[in-house]
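Everything on this sheet refers to the single structure shown next.
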Amino acid sequence: MRQRPAIRFLLIWAAANWIVFELVPTKLPHYILPVYPALVLLGALWATSSDDSGRWARIVAALQFALALIALAAAPILLPQKFGDGGAVLLIVGALIGAAVGLGALVFDLRGARVAAGLASM
């Protein structure tokens, strides 16, 4: 898949920026903004590819998504109780709705409906 010119261009775009940012002594957060379009396009090409050569990468990506989903759903529920005066009902409802939609995206991805999974995760 790396032999395709579009993918090679995106890889060079991301790699060249990464090398330049590693050489610069000051690393401010907004310096990496020009890399995001290349990474998003590479991710979209990977997610919509029809070959099954990256099966383990898809499993690892699904596992990472599930762990992040658990952390992001638990944070609005647990952190206000630890650092505040308790959890608000709207925070808990929002966290549960977000977890349900994220779980739906994960199920779509595991079933192979990658476009539906991408739409649900957005």
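For this structure, a couple of remarks:
- For the chain, the convex hull drawn through the C-alpha positions has a volume of 144 cubic angstrom per residue.
- Phi to ³J(HN,Hα) by Karplus 6.51 cos²θ - 1.76 cosθ + 1.60 over segment 115-120, Hz, x for Gly, Pro: 5, 5, 5, x, 5, 5
- Here segment 1-116 exposes an accessible surface that is 75 percent carbon and sulfur, computed with a 1.4 Å probe and the other protein chains kept in place.
- From phi via Karplus (6.51, -1.76, 1.60), per-residue ³J(HN,Hα) for segment 11-24 in Hz, x at Gly/Pro: 5, 5, 4, 5, 5, 5, 5, 4, 5, 4, 5, 6, 7, 6
- Heavy-atom accessible area for residue 45, with the other protein chains in place and a 1.4 Å probe, reaches approximately 50 Å².
- C-alpha long axis of helix 55-83 to longest principal axis of the chain, angle in °: 40 degrees
- Evaluating 6.51 cos²θ - 1.76 cosθ + 1.60 at θ = phi - 60° for every residue in segment 26-37, the Karplus couplings come out as 9, 10, 8, x, 7, 5, 8, 4, x, 7, 4, x Hz, glycine and proline recorded as x.
- Over the residues of the chain, the helix contribution to mean residue ellipticity at 222 nm works out to -25500 deg cm²/dmol, using -39500 (n - 2.57) for each DSSP H run of at least 4.
- At a probe radius of 1.4 angstrom, the accessible area of the chain per residue rounds to 74 square angstrom.
- Contact order, relative form, for the chain: 18 percent (alpha carbon pairs under 8 Å, 6 or more residues apart, mean separation divided by residue count).
The values are calculated or read from the model by the stated rules, or taken from the named source; none is laboratory data. Please read these numbers as outputs of a predicted model, since none were measured by experiment. With ligands, DNA and RNA removed, areas are computed over all heavy atoms of the protein, side chains included. Shrake-Rupley method; radii C 1.70, N 1.55, O 1.52, S 1.80 Å.
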